[in-house]
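Mind having a look at this structure? Questions to follow.
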Amino acid sequence: MKLPKSIGNLSDSLQVLLIHSCEINGKIPSEIGNLSNLYHLSFAENVLSGSIPATISNLQALQLLNLMGNELDGLIVDELCDIRRLAYLYLSRNQFSGAMPFCLGNLMYLQELYLDANKLTAEVPSSFWNLTGILQVNLSSNMLVGNLSFKIGNIKSLTLLDLSRNHLSGTIPTTIGSLQNLQIFSLTHNILQGKIPVSLGNLLSLEKLDLSQNNLSGEIPKSLESLTSLKYVNLSYNELQGEIPSGGVFKDLSAESFMMNKALCGEAKMQVPPCRKEKRKRSKAKLILLMYILPVVLSTIFIGLGIILFQRKRINSRHTMKQDLSTLGTPIRISYFEILDATNRFDKSNLLGSGSFGSVFKGRLSSGIMVAVKIFNFDSETLSRSFEVECDAMRNVRHRNLVKIISSCSNVDFKCLIMEFIPNGSLEKWLYSHNYCLDFLQRLNIMINIASALEYLHHGLPKPIVHCDLKPSNILLDDKMVAHLSDFGLAKFLDEGKSRTLTETIPTIGYVAPEYGSLGIVSTKVDVYSFGIILIEVFTRKRPTEDMFVDRLSLKSWVSESLSHSLTQVIDSNLIQGDDPRYIPDILTTTSTIFELALNCCADVSRKRCSMSDVVASLNKIKDMFMQRCHLDKY
């Protein structure tokens, strides 16, 4: 539904117009400017597109304009600045680009400005800092550049200032200490340098301070201890050094607030080395005494220097990637700081996914190679073992349908794998996103790829490897739509191909074989079962955990009961609604054969399931027959 042009014919006396979350699309009609007596206008959380009409300047009585959560684009028009009484302007979560209007500094009645989550560029205009009466400013998640102006100290009434997730550089101006009413202050995910101003200790109303993910250096000011209202502090991922304060709010903070800095020291709970306490004042008598024992002192100094050099070497080695997992012939050494640069300090824009194990970020190495960096949570013994298992599993495997591990890193507080970057994302994304669609042969080829990878793991290694966590989210597609199996954190090694019984399992509901989920028995047939479920899922586009599968009805039984009489009810409708109806009978016939194979794979009794070698042979035969029937020479 679109906003009609007749909206401009509403009563001249109309003062409030609110249309929230109604899926209104199209453009904002220019006739909106006829409603000259409006003082409150909101079209928030719709799907409006295009730009803000210039006629908006006719709404001289307007005090609140809320257009957040739409798809508006283009520049933020200067005509907004003509609405002199405007006090609340909300344009968050749109697609606005270009620079912030310089004339915003003329809106002297403005109290709240939210421009976050857009594509704004350039610097914050200097005139903006003339808005001495503004209370809340959120410019986060844009592409703003430049330095923070010292004029920031003019806005003494400010209670919220969020400039996070931009590209701001330079230093934090000391004038920030003038903002006595500031409660929330965030500069996270920028490229700020220099020291944290001591003047921050003047912000007596401050409740939240986030300066993480920058290049800040020097010591943490002890003046922050005096901020009695402060409840949250995050200074992680910087280059800070010296002692972590222990008074005030710092007594209740955890190590997460300070992790990944240059050389901090303090209490053991902060997971940093203890600080060395040195006496700086010495009496004359001690100085004279040193003159007599100078040879001993010199010897001690040389020994101390040797220890320091040794420790530095150890510290440097802790932050160096080891190449023992590399798929390349020449060893690669990648420092921790190179990973920071490659991922833009693990910027959220580079986040590919996350789960209980940790997070995966994409990045570009200095050599130009795109990689995926899988970071493990190190505060869990189980997840720590998962890292070791994945390293062991991938150390000596080589197959075109397995994600390649380039390198790894492991130290006391950081564990990660550096993997090849697979650009097209997961099979789950391609199955269930409305923006993507896989045709019949693409789906069949993907399953052949994964079957080939499992055949290699089960039958092509001295000790078979069972993946134990097959699911669409662990199947990645490259730029040629070739599938690669990933995430070996739950993999198990089998001696001489025998099964194992585990006391602990972490099954994925819907894909786990009965004997694995209930008894912890692991064999290659566990993967065969999961593969069969995925094979059904790929051609039905139904998850095994769908709400419809309750009581005795499951994905398996639903397909099994429909094979003989109602296949069209279970097959993904996208496969039989294509542009060429000639192939529909062959697609239905072939899918029926695929489902029969899949049901064999996920038989409840493991000995009745076929092997992955049989699966690969059967799928290739099914594909050849389909292409012959459809007279397809190449795909």
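The values are calculated or read from the model by the stated rules, or taken from the named source; none is laboratory data. Just so you know, these numbers come straight off a predicted model, no measurement behind them. Every residue, glycine among them, receives a Cβ derived from its backbone with ideal geometry; neighbour counts consider all protein chains shown.
Matching residues to (1) on the phi < 0 side of the Ramachandran plot; (2) β-branched (Val, Ile, Thr); (3) part of a strand (DSSP E or B); (4) free of Cβ contacts under 8 Å to residues at least 60 places away in the same chain:
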{"site": "96", "(1), (2), (3), (4)": "yes, no, yes, yes"}
{"site": "109", "(1), (2), (3), (4)": "yes, no, no, yes"}
{"site": "134", "(1), (2), (3), (4)": "yes, yes, no, yes"}
{"site": "152", "(1), (2), (3), (4)": "yes, yes, no, yes"}
{"site": "171", "(1), (2), (3), (4)": "yes, yes, no, yes"}
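I'd like to verify a number: residues in the range 110-132 that are farther than 19 Å from residue 94 by Cβ and loosely packed, with under 15 Cβ neighbours inside 10 Å, how many?
2
For the range 589-615, give me each residue that is without any contact (Cβ under 8 Å) to a residue 12 or more places away in the chain, of a type in the set (D, E, K, R) and loosely packed, with under 15 Cβ neighbours inside 10 Å.
Within the range 589-615, just 608 meets the criteria.
Inside the range 242-273, can you point out the residues that are out of contact with any Phe, Trp or Tyr (no Cβ under 9 Å at 6 or more places or on another chain) and hydrophobic (A, V, I, L, M, F, W, C)?
Passing the criteria: 250, 255, 258, 263, 265, 268.
Looking at residue 619, is it in contact (Cβ under 8 Å) with a residue 24 or more places away in the chain, closer than 23 Å to residue 453 by Cβ and in a helix (DSSP H, G or I)?
Details: in contact (Cβ under 8 Å) with a residue 24 or more places away in the chain: yes; closer than 23 Å to residue 453 by Cβ: yes; in a helix (DSSP H, G or I): yes.
Judged against the criteria, residue 619 is a match.
Based on this model, can you work out whether residue 228 counts as under 20 Å from residue 117 (Cα atoms) and either out of contact with any Pro (no Cβ under 7 Å at 6 or more places or on another chain) or not charged (D, E, K, R) (or both)?
Considered against the rule, which asks whether it is under 20 Å from residue 117 (Cα atoms) and either out of contact with any Pro (no Cβ under 7 Å at 6 or more places or on another chain) or not charged (D, E, K, R) (or both), residue 228 comes out as no.
Oh, and also: For the range 474-489, which residues satisfy the criterion of being free of Cβ contacts under 8 Å to residues at least 60 places away in the same chain and either aromatic (Phe, Trp, Tyr) or surrounded by fewer than 21 Cβ atoms within 10 Å (Cβ to Cβ) (or both)?
478, 479, 480, 481
Within the range 161-182, track down each residue that is surrounded by fewer than 20 Cβ atoms within 10 Å (Cβ to Cβ) and within 31 Å of the chain's Cα centre (by Cα).
Going residue by residue through the range 161-182, those that are surrounded by fewer than 20 Cβ atoms within 10 Å (Cβ to Cβ) are 167, 169-171, 173-175, 177-178, 180-181.
Result: 167, 169, 170, 171, 173.
Within the range 193-229, can you find the residues that are surrounded by 22 or more Cβ atoms within 10 Å (Cβ to Cβ) and among the hydrophobic types (A, V, I, L, M, F, W, C)?
Matches in the range 193-229: 196, 200, 203, 206, 209, 211, 216, 220, 224.
Does the range 515-526 contain at least one residue that is of a type in the set (A, V, I, L, M), at pLDDT 90 or above and part of a helix (DSSP H, G or I)?
yes
Got a sec? Which of 262, 269 is closer than 30 Å to residue 164 by Cα, basic (Lys, Arg) and at pLDDT 85 or above?
Being closer than 30 Å to residue 164 by Cα, basic (Lys, Arg) and at pLDDT 85 or above holds for just one of 262, 269, which is 269.
OK, next. Going through the range 25-40 one residue at a time, which ones are farther than 11 Å from residue 7 by Cβ, not in a loop (DSSP other than H, G, I, E, B) and not charged (D, E, K, R)?
Within the range 25-40, 25, 26, 40 qualify.
Separate question: Which residue pairs have Cβ atoms under 8 Å apart, sit 6 or more places apart or on different chains, and have a first residue in the range 552-575 that is without any contact (Cβ under 8 Å) to a residue 24 or more places away in the chain and a second that is of a type in the set (Val, Ile, Thr)?
558/570; 562/570; 568/576
Oh, and also: Given 448, 465, which one is touching a helix residue (DSSP H, G or I) at 6+ places or on another chain (Cβ under 6 Å) and surrounded by fewer than 22 Cβ atoms within 10 Å (Cβ to Cβ)? Full working, then the answer.
Numbers: 465 fails: surrounded by fewer than 22 Cβ atoms within 10 Å (Cβ to Cβ).
The conditions single out 448.
Being touching a residue at least 60 places away in the same chain (Cβ under 8 Å) and hydroxyl-bearing (Ser, Thr, Tyr) narrows it down to one of 232, 237, so name that one.
237
Here's a follow-up. Considering each of 198, 233 in turn, give the residue that is within 24 Å of residue 349 (Cα to Cα), among the β-branched types (Val, Ile, Thr) and modelled with pLDDT under 95. Give the steps one after another, and end with the answer.
Details: 198 fails: within 24 Å of residue 349 (Cα to Cα).
Step by step, each of 198, 233 is checked, and only 233 is within 24 Å of residue 349 (Cα to Cα), among the β-branched types (Val, Ile, Thr) and modelled with pLDDT under 95.
Next question, about the same structure. Suppose we keep only residues that are touching a helix residue (DSSP H, G or I) at 6+ places or on another chain (Cβ under 9 Å) and farther than 19 Å from residue 191 by Cβ within the range 346-361. Which one would you say is modelled with the lowest pLDDT?
356
Select from the range 565-599 the residues that are in a helix (DSSP H, G or I) and of a type in the set (Gly, Ala, Ser) and write down the one among them that is modelled with the highest pLDDT.
Checked the range 565-599; the qualifying residue modelled with the highest pLDDT is 598.
The rows are residues; the columns are (1) among the aromatic types (Phe, Trp, Tyr); (2) surrounded by 18 or more Cβ atoms within 10 Å (Cβ to Cβ).
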{"site": "522", "(1), (2)": "no, yes"}
{"site": "543", "(1), (2)": "no, yes"}
{"site": "549", "(1), (2)": "yes, no"}
{"site": "555", "(1), (2)": "no, yes"}
{"site": "561", "(1), (2)": "no, no"}
{"site": "571", "(1), (2)": "no, yes"}
{"site": "587", "(1), (2)": "no, yes"}
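Mind checking which residues of the range 41-76 are over 22 Å from residue 4 (Cβ atoms) and in a loop (DSSP other than H, G, I, E, B)?
60, 61, 63, 68, 75, 76
Which residue out of 57, 36, 21 is small (Gly, Ala, Ser), surrounded by 15 or more Cβ atoms within 10 Å (Cβ to Cβ) and either closer than 16 Å to residue 113 by Cβ or in the same structural domain as residue 118 (by TED's automatic domain parsing) (or both)? I'd like the intermediate steps shown before the answer.
Numbers: 36 fails: surrounded by 15 or more Cβ atoms within 10 Å (Cβ to Cβ); 21 fails: surrounded by 15 or more Cβ atoms within 10 Å (Cβ to Cβ).
Answer to the check: 57.
Need pairs with beta-carbon distance below 7 Å; first residue more than 12 Å from residue 170 (Cα to Cα) and within the range 191-215, second of a type in the set (D, E, K, R); sequence gap 6+ or separate chains.
Final answer for the pair search is 207/231; 208/231; 213/345.
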